[in-house]
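Student: I have a structure I would like to understand better, so I am pasting it below and will then ask my questions one at a time.
The values are calculated or read from the model by the stated rules, or taken from the named source; none is laboratory data. Bear in mind the structure is a predicted one, so any value in this text is a computation, not a measurement. Methodologically, a virtual Cβ is constructed for each residue, glycine included, from the backbone with ideal geometry; neighbour enumeration extends over all protein chains shown.
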């Protein structure tokens, strides 16, 4: 480029420091466009896991007859099952859009709720919704135990982020214990389904299965700590689903 005196001048190139500063500014601007990870919430996870069964229980009790009445009892089961299905789908959507992800087990559980719940509503037979937990418990239990037998801790692939620092032996122990626990729950669900009425079975879901699951979960803490679990605020809030 020529100046007023006819001499050629060369425009100075940006120095390296300016380039680096512009690069950092561009990178910083790009980062602000990326959505920050959504924080975990132990209460929200509990509502996703147990909210649908609580809705089921509440709606069923609302429509259940005060005196023994088989026809009215079936009506209450159908209403409760319909509410159960809606609540399960709502929990799935909440997990997706508010918590940021849907676990594979939550997808499976919701799918089974909708399938067996639909059979219950269409055929007016509560046995289908009662069988759903047995299939989930038995399926998860067998999968975990077969995985341990073959040298694989399947829970590690599902819950590794929630149990940071846990060594391989700890994962195998955890998978083995949950596998056995699920088989016990499957057997208990079948005993309750075959030997007791629907209301007793439903009450056991809240007053027996739910406390037992919490107690079992917290009973694993000493073993987890022994095998390297990093102790954080949400370290033990995540647990395998209970098939509710």
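Student: Any chance the stretch 228-239 includes a residue that's surrounded by fewer than 20 Cβ atoms within 10 Å (Cβ to Cβ) and either within 27 Å of residue 62 (Cβ to Cβ) or at pLDDT 85 or above (or both)? Give the derivation first.
Tutor: Filtering the stretch 228-239 down to residues surrounded by fewer than 20 Cβ atoms within 10 Å (Cβ to Cβ) leaves 228, 230-239.
With either within 27 Å of residue 62 (Cβ to Cβ) or at pLDDT 85 or above (or both) added as a condition, the list becomes none.
No - not one qualifying residue is present in the stretch 228-239.
Student: For the stretch 74-99, give me each residue that is surrounded by fewer than 18 Cβ atoms within 10 Å (Cβ to Cβ) and part of a helix (DSSP H, G or I).
Tutor: Across the stretch 74-99, the qualifying residues are 74, 75, 79, 82, 86, 89, 90, 93, 94, 96, 97.
Student: Of these, 144, 174, 159, 155, which one is out of contact with any helix residue (DSSP H, G or I) (no Cβ under 8 Å at 6 or more places or on another chain), crowded, with 19+ Cβ neighbours inside 10 Å and farther than 20 Å from residue 53 by Cα?
Tutor: Details: 144 fails: out of contact with any helix residue (DSSP H, G or I) (no Cβ under 8 Å at 6 or more places or on another chain); 174 fails: out of contact with any helix residue (DSSP H, G or I) (no Cβ under 8 Å at 6 or more places or on another chain); 155 fails: out of contact with any helix residue (DSSP H, G or I) (no Cβ under 8 Å at 6 or more places or on another chain).
Matching residue, one of 144, 174, 159, 155: 159.
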